[in-house]
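Worksheet for the structure shown next.
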Amino acid sequence: MAAKRDYYEVLGVGRGASEAEIKTAYRKLAVRYHPDKNPGDAEAEEKFKEAAEAYSVLSVAEQRARYDRFGHAGVSNAAGAQGAWGAQGFGGIEDILGDLFGFGDVFGGRGASGGRRGAAQRGADLRYDLEMTLEEAAAGMTAQLRVPRLEACEGCKGSGAAPGTQPESCSGCAGTGQVRYQQGFFSVARTCGQCRGAGRVIRTPCEQCKGAGRVEREKQIEVKIPAGVETGSRLRLAGEGEAGAQSGPAGDLYVVIHVKEHDVFERQGNNLYASVPVTFAQAALGAETTVPTLDGQESLKIPAGTQTGTVFRLKGHGMPVLGGRGRGDLFVSVTVVTPTTLTREQRKLLEQLSQIEEKDLSDKGLMDKVRDIFG
């Protein structure tokens with residue numbers, strides 16, 4: 001499935017566009033790509049639905065703020081076209097289309113959950129981006145998150161009505177949120193003008209939430225990050241998203257991991273890669289050196305005659321396997337360092353080596369002569 005385009009890009013407006021600019025942009029696209037004007041054109045129909053979905057989010061201040069902060073994940077249950085004539089989270093779209101095509105509320109007043117507006121609606125999912133070091137990803141950690149979200153109002157328990165009162169079923173639509181009219185052979189459903197599609201009327205709104213049933217709060221959530229996570233790993237915390245409207249179930253919170261780049265190690269899956277410098281003498285004669293690992297310094301034996309780019313494997317010194325047992329490996333690449341400045345003694349020794357290299361080496365191997373000089 002292709003990734004969703006940015007909603008601002010879909011409508012062709014900037015992120016700082018006003019409400020009027022967003023509405024104007026949508027009206028133009030709706031006229032251009034409406035199915036009635038492009039019969040049988042699947043591409044036009046998709047663009048029409050894409051524009052409607054974008055407008056359904058950006059036209060509502062609360063949803064737009066969540067989208068600006070969390071992207072598509074923040075409004076995943078508040079938008080998304082469903083079929084040629086249905087859409088989720090359409091907000092005031094039916095009013096615009098009514099002005100353009102005379103359909104009024106032909107969509108039947110469907111709300112964010114795809115059902116009628118007066119029904120309970122699931123809360124929006126939220127996204128939290130958590131940054132950590134490679135060491136923290138290797139060891140696992142417990143993170144304390146501060147998540148702003150909509151929660152059910154404690155004063156009215158999410159009903160929106162003042163304590164001691166209850167929302168009343170709308171008399172205009174009998175609680176359905178829709179009023180149907182017969183127009184010739186067609187039955188057209190329009191949003192109820194009395195309750196504005198809610199299906200209920202709150203006579204005495206709750207003072208704490210002003211009748212919304214939800215209030216914005218910041219909650220501290222503790223989450224355990226398992227060892228072995230990598231950039232892009234996603235943890236789902238069920239029910240820790242925003243509270244649902246009309247006492248609906250809460251959405252989920254998705255924690256997306258971002259592991260910082262390390263100064264020493266490069267990660268590829270469960271394996272780590274590093275480079276260690278050695279001197280010419282160490283590479284030529286062989287030596288024992290130390291290399292960094294996530295668990296501290298480890299000894300590494302460099303055989304005589306080691307060349308730049310030679311890779312050594314330290315088994316079990318990589319990253320833990322996420323959700324499994326064992327660890328990856330650490331691969332250490334050797335780089336022979338050429339000195340940029342020499343002492344008088346070093347220069348003398350290297351000049352002797354250079355003279356030896358120019359002579360006939362048939363009687364004795366080069367490595368034996370190197371050992372004679374540096375041994």
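The values are calculated or read from the model by the stated rules, or taken from the named source; none is laboratory data. Note that the structure is a prediction, hence the values are computed from the model and not measured. Positions of Cβ are generated from backbone atoms using ideal geometry, with glycine treated the same way; all protein chains shown enter the neighbour counts. SASA here: full protein model, heavy atoms, side chains in, ligands and nucleic acids out. Shrake-Rupley method; radii C 1.70, N 1.55, O 1.52, S 1.80 Å.
Counting only strands (runs of 3 or more DSSP E) that sit completely within the stretch 135-209, those holding 3 or more residues that are touching a residue at least 12 places away in the same chain (Cβ under 8 Å) and either under 39 Å from the mean Cα position of the chain (by Cα) or under 30 Å from residue 255 (Cα atoms) (or both) correspond to 141-152, 186-191. One residue alone among 322, 342 is open to solvent by 30 Å² or more (accessible area, probe 1.4 Å) and under 21 Å from residue 270 (Cα atoms), and that residue is 322. The conditions of being within 34 Å of the chain's Cα centre (by Cα) and charged (D, E, K, R) are not met by residue 344.
Set side by side, the residues 224, 219 differ, and just one is assigned to a strand (DSSP E or B), open to solvent by 50 Å² or more (accessible area, probe 1.4 Å) and under 29 Å from residue 268 (Cα atoms), which is 224.
Here residue 118 passes the criteria (1) in contact with a strand residue (DSSP E or B) (Cβ under 9 Å, 6 or more places away or on another chain); (2) crowded, with 19+ Cβ neighbours inside 10 Å; (3) modelled with pLDDT of 90 or more except the one numbered (3). Quick check on residue 230: is it open to solvent by 70 Å² or more (accessible area, probe 1.4 Å), touching a residue at least 40 places away in the same chain (Cβ under 8 Å), touching a helix residue (DSSP H, G or I) at 6+ places or on another chain (Cβ under 8 Å) and not in a strand (DSSP E or B)? It is true that residue 230 is open to solvent by 70 Å² or more (accessible area, probe 1.4 Å), touching a residue at least 40 places away in the same chain (Cβ under 8 Å), touching a helix residue (DSSP H, G or I) at 6+ places or on another chain (Cβ under 8 Å) and not in a strand (DSSP E or B). Here residue 278 meets each of (1) surrounded by fewer than 16 Cβ atoms within 10 Å (Cβ to Cβ); (2) farther than 30 Å from residue 126 by Cβ; (3) more than 32 Å from the chain's Cα centre (by Cα); (4) modelled with pLDDT of 90 or more with one exception, condition (1).
Looking only at residues in the stretch 293-319 that are crowded, with 17+ Cβ neighbours inside 10 Å and under 17 Å from residue 139 (Cα atoms), which one is nearest to the chain's Cα centre (by Cα)? This residue is 319.
Please find, within the stretch 240-269, the residue that is nearest to the chain's Cα centre (by Cα) out of those that are open to solvent by less than 40 Å² (accessible area, probe 1.4 Å) and β-branched (Val, Ile, Thr). Out of the qualifying residues, it is 256. Of the candidates 307, 346, the single residue that is over 21 Å from residue 290 (Cβ atoms) and out of contact with any Lys or Arg (no Cβ under 8 Å at 6 or more places or on another chain) is 346.
Okay, residues lined up against (1) touching a helix residue (DSSP H, G or I) at 6+ places or on another chain (Cβ under 8 Å); (2) in a helix (DSSP H, G or I):
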position: 15; (1), (2): yes, no
position: 21; (1), (2): no, yes
position: 25; (1), (2): yes, yes
position: 29; (1), (2): yes, yes
position: 40; (1), (2): no, no
position: 43; (1), (2): no, yes
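Of all the numbered requirements in (1) assigned to a loop (DSSP other than H, G, I, E, B); (2) acidic (Asp, Glu); (3) modelled with pLDDT of 50 or more, residue 50 misses one, and that requirement is (1). Only one entry of 130, 97 meets the criterion of being at pLDDT 85 or above and open to solvent by less than 40 Å² (accessible area, probe 1.4 Å), and that entry is 130. In the stretch 181-206, of all residues being basic (Lys, Arg) and modelled with pLDDT of 80 or more, the one that is most open to solvent (accessible area, probe 1.4 Å) corresponds to 203.
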